[in-house]
Protein chains: 2
Amino acid sequence: MITLDKIKVLSEKNDSKIIFLIMDGLGGLPRPETGKTELETAKTPNLDLLASKGVCGVVDPVSRGITPGSGPGHLGLFGYDPLKFDVGRGILEALGIDFDLKDGDVATRGNFCTVDKKGLVVDRRAGRISTETNAELCKKLAKIRLTGAELIVEPVREHRLLVVFRGSGLTGDVADTDPQQLGLPPLKAVPHNNASKKVAEMANEFIDKAKEVLAESHPANMVLLRGFSSHPDMPSMQEIFKLNPAAIASYPMYRGLAKLVGMKVLPTGVTIEDELNTLHEHYDDYDFFFIHVKKTDSYGEDGNFDAKVGVIEEVDSLLPRITDLQPDVIVVTGDHSTPALLQSHSWHPVPILLYSKWCRPDRVKEFAESECHSGGLGRFLSMEIMPTAMAHALKLAKYGA
Amino acid sequence: MITLDKIKVLSEKNDSKIIFLIMDGLGGLPRPETGKTELETAKTPNLDLLASKGVCGVVDPVSRGITPGSGPGHLGLFGYDPLKFDVGRGILEALGIDFDLKDGDVATRGNFCTVDKKGLVVDRRAGRISTETNAELCKKLAKIRLTGAELIVEPVREHRLLVVFRGSGLTGDVADTDPQQLGLPPLKAVPHNNASKKVAEMANEFIDKAKEVLAESHPANMVLLRGFSSHPDMPSMQEIFKLNPAAIASYPMYRGLAKLVGMKVLPTGVTIEDELNTLHEHYDDYDFFFIHVKKTDSYGEDGNFDAKVGVIEEVDSLLPRITDLQPDVIVVTGDHSTPALLQSHSWHPVPILLYSKWCRPDRVKEFAESECHSGGLGRFLSMEIMPTAMAHALKLAKYGA
């Protein structure tokens, strides 16, 4: 498969516009009573019309059989190989609270926990303290000063917090300090390599000082750190694809993932309609738009088949607000499947539809998994969507003479 | 995917015969009035019959979304990864005039240009001098002697010429001397690495001497060199596939590409019928034939939908001259798509049909893009056609016990 280095050489700037409409967790599984998936159950006249004029297929976000998290799912959509570019858990935690990550940051997911008088962990979640208590304790922890780097501590939710080490030349390949079972002391932060020694030392300094600061804050009298990770070193979409890309997403995690690859994050409201208003307002200013619809995934995770169907129908009813803009390329797909029957992300390939003046239509007449399986795009990896969209926008030069 | 090294181990010589019928730029896009591509519009009873007895699919020559030049397009067909084996522009220019390249040659595309008294480029194409004038000037340039290598200068067409440096241990990773805009002097030839220093020095020596030779030849009073490239170091089809392969092509570029991979180039006439006469004359002498039909691409590039349809129909009417020979495997496909609507090569996958006594037929009844999308071969890379054809010719041994 072609590499980003080669795509970078072929990419050309022009006036054409590309819109990615991403319904999170779009792919589903058929309800036994009807034999139809969520997408097949939804009444989607607009998507079906677009599918009949466009070309369809199914995509594997990471690799066949692999269930992706949100990070890998979106990196694939943005054209990056999720098996090569790793967004660590600490970094994802930071993105999830709209934290403004800098190049070189090392982020970790923290837990408040309870230790007994011997220093052994007796509750790994500190009785799930309230988010308010969490915020007060984080303010205290944030006053800790470390040798050689800036420390940032931010509350997340309940017992969860974000701890960021900010400095130059930091590498975060460090083992978790969470012993994963009760009755053991928190582990020392151990570096996996020489480059990560500095961060491990800082983490241990932080933990020691945090223990003092939290001594009187039972049940949250200690902190465990997990998912140490460095800011991923990724080429931006501007660099690779010569695009001026914008993200429209009402959830922080997806704004953060978009920011990682260089997208401008546009302020928007919480509904799909808000997001499409944002698209209209900024349509002239960018040539690539990533629009993220969250609720398809949320209802899938809840096992709420009908509500997921409802969100898909809502998207369908609003589709003309995208097609009326007559972008050069429209891609409709998801970052992974979230079948309501499984109540979780899954490995099933995700239906995709691409419409462009320059697409070669297939025989698919309905945007539905069963139809997409025999579409002209075939079955392919998500990371190949970007080159395909770029080609249809006439933004890729010929390879070789 | 399996590598050529492994295929080499599995390949076996036997008496079966494989014919590749390549219609250059075969894939198309539907004409809006009919919704049918060139191939779908053409009346092709013989190809349709073969498709219904055979197995169909679509191929991506390089990678999804990538529009291939003729070089990468054909390397893929011959079983070589076009992303790994690079045929540079200078080498292609040499192939295009039937120039007899030797291993180790470094070839460049030259331009005659016009410089003013200060030595600044005022016309990058020297007023597109006639091919005759070009030939006379090349004769003069060919008399230049260089230190350490043989120089060969050949006219191409109008202002274009071929400059070849022939010697031992030459590497041609050298930047273009064309400044790409007017009002600047020609650039010095700069090597990209140490290995290419020698060629850069020779190129500068040539340019200096050419300037003297051409001093009185206004408007063609200077030469620019582009696309420095070394003869690609490729294993031959004999080596990898144990074949005795022959090429039947009426255009020099395709004869040259076939020669690069070790094919014997058979002399032939300009029509498709001439090419098939050549096939019949030499049928007993080879076990692999590459037959190249150029006009499908030429008419595609011209935007002449109907004429492209006409060429496909001509090929169809002549197909019995191939099937009557009862080769063990027939593959019909293209090196890339050239939709008349786009008037250029494109990234769209190319329909393919494979017939063999040992193929497993699918449900495709017509050789057409929309049908091929759901064929039994699926969608795959061109470089996998060769192993597939070899298998159907029973020329590949079992892998592993």
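The values are calculated or read from the model by the stated rules, or taken from the named source; none is laboratory data. Keep in mind that what you see is a predicted model, and the values were worked out from it rather than measured. Reconstructed Cβ throughout: ideal geometry from the backbone, glycine too, with neighbour counts over all protein chains shown.
Here are some notes:
- A:Ala393 vs. criteria within 11 Å of another protein chain (Cβ to nearest Cβ), surrounded by fewer than 17 Cβ atoms within 10 Å (Cβ to Cβ) and under 23 Å from A:Lys17 (Cα atoms): no
- Single condition A:Thr44 does not satisfy, out of (1) of a type outside the set (Asp, Glu); (2) within 14 Å of another protein chain (Cβ to nearest Cβ); (3) buried (at least 20 other Cβ atoms within 10 Å of the Cβ); (4) farther than 20 Å from A:His345 by Cα: (2)
- Scanning the range A:7-35 for residues that are farther than 28 Å from A:Asp81 by Cβ, surrounded by fewer than 18 Cβ atoms within 10 Å (Cβ to Cβ) and not acidic (Asp, Glu) yields A:Pro30, A:Pro32, A:Thr34, A:Gly35.
- Of all residues making up the range A:52-108, the number that are polar (S, T, N, Q) and outside the structural domain of A:Ala249 (by TED's automatic domain parsing): 1
- Of all the numbered requirements in (1) outside any loop (DSSP other than H, G, I, E, B); (2) charged (D, E, K, R); (3) within 13 Å of chain A (Cβ to nearest Cβ); (4) free of Cβ contacts under 8 Å to residues at least 60 places away in the same chain, B:Arg321 misses one, and that requirement is (3).
- Of all residues in the range A:362-386 being touching a residue at least 60 places away in the same chain (Cβ under 8 Å), assigned to a loop (DSSP other than H, G, I, E, B) and surrounded by fewer than 20 Cβ atoms within 10 Å (Cβ to Cβ), the one that is nearest to the other protein chains (Cβ to nearest Cβ): A:His373
- Within the range B:197-230, considering residues that are of a type in the set (Ser, Thr, Tyr) and either surrounded by 20 or more Cβ atoms within 10 Å (Cβ to Cβ) or in contact with a strand residue (DSSP E or B) (Cβ under 7 Å, 6 or more places away or on another chain) (or both), the one farthest from B:Leu137 (Cα to Cα): B:Ser230
- In the range B:143-158, the condition of being modelled with pLDDT of 95 or more, assigned to a strand (DSSP E or B), under 15 Å from B:Cys113 (Cβ atoms) and out of contact with any helix residue (DSSP H, G or I) (no Cβ under 6 Å at 6 or more places or on another chain) is met by no residue.
- Residues of the range B:9-61 that turn out to be among the hydrophobic types (A, V, I, L, M, F, W, C) and outside any strand (DSSP E or B), as a count: 9
- Residues located in the range B:295-318, provided they are buried (at least 17 other Cβ atoms within 10 Å of the Cβ) and not in a helix (DSSP H, G or I): B:Asn304
- Applying the set (1) in contact with a Leu (Cβ under 6 Å, 6 or more places away or on another chain); (2) closer than 30 Å to B:Ser382 by Cα to A:Ala94 leaves exactly one unmet item: (2).
- Among the residues of the range B:109-132, at least one is crowded, with 16+ Cβ neighbours inside 10 Å and within 14 Å of another protein chain (Cβ to nearest Cβ).
- Number of residues in the range A:78-106 that are aliphatic (A, V, I, L, M) and either free of Cβ contacts under 8 Å to residues at least 24 places away in the same chain or in a loop (DSSP other than H, G, I, E, B) (or both): the value is 4.
- A residue that is crowded, with 21+ Cβ neighbours inside 10 Å and farther than 30 Å from A:Ser16 by Cβ can be found somewhere in the range A:231-240.
- Qualifying positions in the range A:157-196 - surrounded by fewer than 17 Cβ atoms within 10 Å (Cβ to Cβ), in contact (Cβ under 8 Å) with a residue 60 or more places away in the chain and in contact with a Pro (Cβ under 9 Å, 6 or more places away or on another chain): A:Pro185
- Helices (runs of 4 or more DSSP H) completely within the range B:178-269 that count 1 or more residues being among the charged types (D, E, K, R) and within 30 Å of B:Leu396 (Cα to Cα): B:237-241, B:252-260
- Residues that are hydrophobic (A, V, I, L, M, F, W, C) and touching a Lys or Arg at 6+ places or on another chain (Cβ under 8 Å), drawn from the range B:310-324: B:Val311
- For the range B:93-103, a residue qualifies if it is in contact with an Asp or Glu (Cβ under 9 Å, 6 or more places away or on another chain), more than 30 Å from B:Met1 (Cα to Cα) and surrounded by fewer than 22 Cβ atoms within 10 Å (Cβ to Cβ), and the qualifying residues are B:Ile97, B:Phe99.
- Selected residue [at pLDDT 95 or above, closer than 20 Å to A:Ile19 by Cβ and under 18 Å from the mean Cα position of the chain (by Cα)] from A:Asp328, A:Asp324, A:Asp297: A:Asp297
- Filter result (crowded, with 24+ Cβ neighbours inside 10 Å and more than 8 Å from chain A (Cβ to nearest Cβ)) within the range B:75-92: B:Leu75, B:Gly76, B:Leu77, B:Phe78, B:Tyr80, B:Gly90, B:Ile91
- Test: B:Gly71 is more than 8 Å from every other protein chain (Cβ to nearest Cβ), assigned to a helix (DSSP H, G or I) and either without any contact (Cβ under 8 Å) to a residue 24 or more places away in the chain or not charged (D, E, K, R) (or both): no
- Subset of the range B:334-355 that is of a type in the set (A, V, I, L, M) and assigned to a loop (DSSP other than H, G, I, E, B) - its residue that is farthest from the other protein chains (Cβ to nearest Cβ): B:Ala340
- Filter result (more than 10 Å from chain A (Cβ to nearest Cβ) and buried (at least 24 other Cβ atoms within 10 Å of the Cβ)) within the range B:53-68: B:Gly54, B:Cys56, B:Val59
- The single condition among (1) in contact (Cβ under 8 Å) with a residue 12 or more places away in the chain; (2) on the phi > 0 side of the Ramachandran plot that B:Thr338 does not satisfy is (2).
- When B:Arg64, B:Arg109 are checked against the criterion of being outside any loop (DSSP other than H, G, I, E, B) and either acidic (Asp, Glu) or touching an Asp or Glu at 6+ places or on another chain (Cβ under 6 Å) (or both), B:Arg109 stands alone in meeting it.
- Any hit, the range B:213-225, residues being modelled with pLDDT of 95 or more and either within 20 Å of B:Asp103 (Cα to Cα) or under 19 Å from the mean Cα position of the chain (by Cα) (or both): no
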